[in-house]
Amino acid sequence: MLDRLRASLALRLAVQYALVFALASALLFGALYWLLADRLEKREQVAVEHRVTELADAYGEGGVQALSARVHNDQSPEARSLFVRLISPANGAVFVAAPPDWIETQVQRVPFPEAGMVAERKLSVVRVPQDALRDYTVASGTLPDGWIVQVGRLTDSRAVLLAPLRRAFGLVGAGALLLSIGVGTLLAWRATRPIRMLSQTATRILDQDDRSARVTGSFAAGELATLVRQFNTLLDRNATHVRVLRDTLDNLAHDLRTPLTRLRGTAELAMQDSGDPAEARAALAACVNESDRLLHLLEVLLDISAAEGGALKLQRERLDLRALVERSADLYSEVAQENGIAVALELPAPVMLDADPVRLGQVVNNLLDNALKYTPAGGRVLLAARADGPSAVLSVSDNGSGIPAAERDAVFRRLYRSDTSRSQRGLGLGLSLVRAIVEAHGGTVAADATPGGGARFTVRLPVAGTADRSTGKP
């Protein structure tokens, strides 16, 4: 239990916040305490200094008699609470007036000013403790003829006066600190709930290998809520990648099994001593064909990986997209004629772009080959190229069986073969290679349906001047 409490982020945050609160409160109280004490001290000083100035003026007007008259005639409560003493240059008390409630010992405790402590025409204020509860505040002023007038007051000790404030702050501060720890822990516990849910989900995935685990529950808007949503999205994407990888490996194993079986069977036939060199050469030729097919499969996979990883080298040059389309149509003309498929071109104007002619030729060839595979006899395939603002657009359309809406993104995955295409011979990598090369050029490719129900693949590439020819990036 103690280990869990020590490891609790909520408790640590609450304690840290409480310590910061306590430090800030102590600093604030210290500042207020010092300001209050200073203000009380100055108020006492101002009162006695003002009285010294008044009596000095009275002495200057009429000497000791005028000063005495001023003291006795002023019967206000403020004046009656003040001690007044006139000291001659010989340090003798010439005139003394004490408050009615003072006793002789209190008068005797008021100190005489030390020699040199009061400069001429200057005031000096000292605070002298009487006992643990009260202090003397005494102001001394030197008169022009060297006489000294003293005014004093008996006041409460500042420590005693401010003691209730210190006790109140201690009690209130302790209560506020405990309350801040409790409330802070509760609020921090609620605020860090998404983090605990993340930890529990991650633990469940690691310990129980439950890849379907997700962070559940509703969270208020904020950074932690965003983190939870991003974590769930990351898990979903990882699950998708794992599923795609599993399907890819299954398809790859299926596509490799057939040529390897054929290769092994043909090799076994070649090894039989039939004595017919022609049959042996035919068997070896079949082995070479199957080996070439396997090598082609691996080369395409490597090209796709290089393109997706940004390592595919592109030899860009200025070219007209129409030339690639015409070359591809000419290359597949015999295949189209054999299958009774018409290939039409729609090339209204030059479409200039900076691209790798070999790689972009692979894109056009693969799209046309794919269209011819799934177009029935008597069908039609249309190749179109045009400029559309900052993009060069290539589209390959057919009037075949089309692609279901749910599979239009999946057809670009590696080795993906839809149920309707299982009967067609192929590696299932052509469209994956198309997307990889197009994206390496800074473009996009998408599949949709034609108005007649067939399939249409649309490629968009940056036109000439909008790509960096040195880096191959848009």
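Quick look at the values:
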item	result
Verdict on residue 139 being in contact with an Asp or Glu (Cβ under 6 Å, 6 or more places away or on another chain) and open to solvent by less than 50 Å² (accessible area, probe 1.4 Å)	yes
Every residue from segment 348-401 that is within 15 Å of residue 449 (Cβ to Cβ) and among the charged types (D, E, K, R)	398
Unique match (being of a type in the set (Lys, Arg) and touching an Asp or Glu at 6+ places or on another chain (Cβ under 9 Å)) among 39, 85, 80, 109	80
Every residue from segment 294-343 that is open to solvent by less than 90 Å² (accessible area, probe 1.4 Å), acidic (Asp, Glu) and more than 43 Å from the chain's Cα centre (by Cα)	320
Residue 37 vs. criteria free of Cβ contacts under 8 Å to residues at least 60 places away in the same chain and either aromatic (Phe, Trp, Tyr) or open to solvent by less than 90 Å² (accessible area, probe 1.4 Å) (or both)	no
Total residues in segment 415-474, condition closer than 12 Å to residue 367 by Cα, open to solvent by 60 Å² or more (accessible area, probe 1.4 Å) and either assigned to a helix (DSSP H, G or I) or modelled with pLDDT under 65 (or both)	1
Close pairs (9 angstrom Cβ cut-off, 6 or more residues apart or separate chains): at positive phi in segment 130-158, part of a loop (DSSP other than H, G, I, E, B) and open to solvent by 10 Å² or more (accessible area, probe 1.4 Å) anywhere	146/88; 146/89
Of residues in segment 92-109 being at pLDDT below 80 and open to solvent by less than 90 Å² (accessible area, probe 1.4 Å), the one farthest from residue 155 (Cα to Cα)	105
Segment 64-76 residues that are modelled with pLDDT of 85 or more, paired with ones that are in a helix (DSSP H, G or I) (beta carbon under 6 Å, 6 or more apart)	66/58; 67/55; 67/58; 67/59; 70/58
Residues located in segment 344-368, provided they are assigned to a strand (DSSP E or B) and open to solvent by 50 Å² or more (accessible area, probe 1.4 Å)	345, 346, 352
Lone unmet requirement of (1) of a type outside the set (Ser, Thr, Tyr); (2) open to solvent by less than 50 Å² (accessible area, probe 1.4 Å); (3) closer than 29 Å to residue 37 by Cβ; (4) at pLDDT below 80 for residue 194	(3)
Test: residue 195 is over 30 Å from residue 136 (Cα atoms) and in contact (Cβ under 8 Å) with a residue 60 or more places away in the chain	yes
Check on residue 11, surrounded by 11 or more Cβ atoms within 10 Å (Cβ to Cβ), modelled with pLDDT under 85 and touching a Leu at 6+ places or on another chain (Cβ under 7 Å)	yes
Filter result for residue 406 (open to solvent by 50 Å² or more (accessible area, probe 1.4 Å) and outside any loop (DSSP other than H, G, I, E, B))	yes
Candidates 337, 315 - the one that is in a loop (DSSP other than H, G, I, E, B), farther than 21 Å from residue 414 by Cβ and not hydroxyl-bearing (Ser, Thr, Tyr)	315
Failed item in (1) within 30 Å of residue 201 (Cα to Cα); (2) at pLDDT 75 or above, with residue 249 passing the rest	(2)
In segment 150-178, residue modelled with the lowest pLDDT [restricted to those that are open to solvent by less than 50 Å² (accessible area, probe 1.4 Å) and touching a strand residue (DSSP E or B) at 6+ places or on another chain (Cβ under 7 Å)]	157
Filter pass, residue 70 being open to solvent by 30 Å² or more (accessible area, probe 1.4 Å) and in contact with an Asp or Glu (Cβ under 8 Å, 6 or more places away or on another chain)	yes
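So that you can scan it fast, the table gives a plain yes or no per residue for (1) modelled with pLDDT of 80 or more; (2) part of a helix (DSSP H, G or I):
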| position | (1), (2) |
| --- | --- |
| 187 | no, yes |
| 207 | yes, yes |
| 216 | no, no |
| 220 | no, no |
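Okay, residues lined up against (1) modelled with pLDDT of 75 or more; (2) touching an Asp or Glu at 6+ places or on another chain (Cβ under 9 Å); (3) in a helix (DSSP H, G or I):
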position: 269; (1), (2), (3): no, yes, yes
position: 274; (1), (2), (3): no, no, no
position: 280; (1), (2), (3): no, no, yes
position: 284; (1), (2), (3): yes, no, yes
position: 287; (1), (2), (3): yes, no, yes
position: 296; (1), (2), (3): no, no, yes
position: 299; (1), (2), (3): yes, no, yes
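The values are calculated or read from the model by the stated rules, or taken from the named source; none is laboratory data. Predicted model only: the values in this text are computed from it and were never measured. Every residue, glycine among them, receives a Cβ derived from its backbone with ideal geometry; neighbour counts consider all protein chains shown. Heads up: the accessible areas ignore ligands, DNA and RNA and are worked out on the full protein's heavy atoms, side chains in. Shrake-Rupley method; radii C 1.70, N 1.55, O 1.52, S 1.80 Å.
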